[in-house]
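What follows is a short report on a single structure.
The values are calculated or read from the model by the stated rules, or taken from the named source; none is laboratory data. Given the structure is predicted, the values throughout are model-derived calculations rather than measurements. When we count neighbours, we look across all protein chains shown, and the Cβ atoms used for this are built from the backbone with ideal geometry, even at glycine.
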Amino acid sequence: MQLERRSPLPRLIIKSLLLYLFVLFSSVLADPLPEGFVNLKKEIPGIEIELRYASDDNFLGRPVEGYERVSCLITKEAAEALKKVQEELNAFGLGLKVFDAYRPQRAVDDFVVWAKDVEDRKMKAYYYPDVAKKDLFSQGYIAARSGHSRGSSVDLTIISSAKGVSKELDMGTAWDLFGPQSWGKDLSVTPQQRANRMLLQTLMQKYGFKALKEEWWHFTLVDEPFPKNYFDFIAK
Ligand SMILES: [Zn+2]
C-alpha cells in the first residue's frame, strides 16, 4: 500500500500563521512607552547610539540597574530638537552619537550604592583618575537624582560619518570623565578640542538645549515637558 504523501503547503501556512500570531502577541505584551516618550533610533534612524550604561564600559565597569533594555528613550520634544541638530550636522558629513538619554531612577540609585563601596575602584584609571572615590558625592559627580530621569537630558558627541567611517570628534576627554578637564570651557584642552565643544554647544543651544558647564557632553531641553517628574519605568 502506498502512503499518501502530504503536501508541505498546509504545514507551511500553519507555521507562518503561528509566527504571525507570536509576533502579534509579543508586540501587544511588550511594555508600551509612557505617553510623551519615544525610541530615539526610530525617530532619527541615522543617529548613532552607544548606550554605555548598558555595557561594561562606564564608570562602574558593569551594566547599570535598569539598562536591561537595548533602546535609547527620550521625550518626544527632545527627539524633535535633536533631529534638527542632526540634520544640520549631516549637511557637513557629521552627525550625533548619543551615550545616554532617559535614565530610570533605579539606575541613579545604583550609582549611589556603587559610590558608597569605596573598595570597588575597577574603572578609576579611565573615569575618575584624579578624584578619590570617597569624594565623588561631595564633589557633585554622583547625586541622588539626575535630570536624565526626567527624559529630556542627553549625553552626546559629534561624529564624522564621511565615507562610511564613523569617528568621534576629539573633545579633549572621553565621555563621563570626572574631572575639571571635562568642563566645557576648560583651558587645559587644545584650541581645536575647545572649538569642537563649542560647535556641539552652539548647535544644541540653537535648538533649545542648555549646556551643563561641568560636562561638555550633557544637555537638557530648556522647555522640557516633565520638569518635575523623575521616572523609573523600564522599556524593553
Ligand atoms: Zn548627562
Revision key, fill the gap. Picked from the range 148-202 (must be charged (D, E, K, R) and in a helix (DSSP H, G or I)), the residue farthest from the ligand (Cβ to nearest atom) is 163
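Select from the range 162-181 the residues that are touching a Lys or Arg at 6+ places or on another chain (Cβ under 8 Å) and surrounded by 15 or more Cβ atoms within 10 Å (Cβ to Cβ) and write down the one among them that is farthest from residue 225 (Cα to Cα).
Filtering the range 162-181 for residues that are touching a Lys or Arg at 6+ places or on another chain (Cβ under 8 Å) and surrounded by 15 or more Cβ atoms within 10 Å (Cβ to Cβ), the one farthest from residue 225 (Cα to Cα) comes out as 172.
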Review point. When you scan the range 86-111, how many residues do you find that are away from the ligand (no atom under 16 Å from the Cβ) and either among the hydrophobic types (A, V, I, L, M, F, W, C) or at positive phi (or both)?
Key: 5
Exercise for review: Enumerate the helices (runs of 4 or more DSSP H) found wholly within the range 33-131, keeping only those where 1 or more residues are surrounded by 16 or more Cβ atoms within 10 Å (Cβ to Cβ) and hydroxyl-bearing (Ser, Thr, Tyr).
Suggested key: 124-127
Point to revise | Filtered residues of the range 213-225 (kept if more than 16 Å from the ligand (Cβ to nearest atom) and in contact with a strand residue (DSSP E or B) (Cβ under 8 Å, 6 or more places away or on another chain)) | key: 225
Practice item. For the range 113-130, state whether one or more residues are touching a residue at least 24 places away in the same chain (Cβ under 8 Å), more than 20 Å from residue 62 (Cβ to Cβ) and out of contact with any strand residue (DSSP E or B) (no Cβ under 6 Å at 6 or more places or on another chain). Key: yes
Point to revise | Test for residue 210: is it within 16 Å of the ligand (Cβ to nearest atom) and more than 25 Å from residue 61 (Cα to Cα) | key: yes
Practice item. Determine which member of the set 155, 117, 130 is charged (D, E, K, R) and within 18 Å of residue 97 (Cβ to Cβ). Key: 155
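Is it fair to say residue 138 is modelled with pLDDT under 95, surrounded by fewer than 18 Cβ atoms within 10 Å (Cβ to Cβ) and away from the ligand (no atom under 16 Å from the Cβ)?
The answer is yes for residue 138.
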Review point. Of the residues in the range 68-100, how many are modelled with pLDDT under 95 and farther than 29 Å from residue 163 by Cβ?
Key: 2
